[in-house]
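Worksheet for the structure shown next.
What follows draws every value from the coordinates through simple rules; no lab data is involved. Owing to the predicted nature of the structure, the values given are computational and were not obtained by experimental measurement. We place every Cβ from the backbone using ideal geometry, glycine too, and count neighbours over all the protein chains shown.
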Amino acid sequence: MDCRHPRRTDQEDGRIRFWGEVETDGGKRYMLRVVTLEDGETVHNAFFDRDFKETGA
């Protein structure tokens, strides 16, 4: 598995959201969202984000 192009946003409660495109060995691609606590290391939650929409930068 490989994760490409990570994105980051800070929540108002101090937690941090990270998204990354994950490609399986079979070639399927998913967006994985990982939410950490304020320290940026302790994982609070992680899941495949089916509602992810790319925003223009």
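With both labels modelled 7 Å from their Cα along Cα-to-Cβ, the Leu37 to Arg7 distance reads 2.7 nm.
Taking a sphere under 10 Å around the Cβ of Asn45 and counting the other residues whose Cβ falls inside, with K and R at +1 and D and E at -1, yields a net charge of +3. With the charge dipole of the chain set up from +1 on Lys and Arg Cβ and -1 on Asp and Glu Cβ about the Cα centre, the Cα lying farthest toward the positive end among the listed residues Tyr30, Phe47, Thr9 is that of Tyr30.
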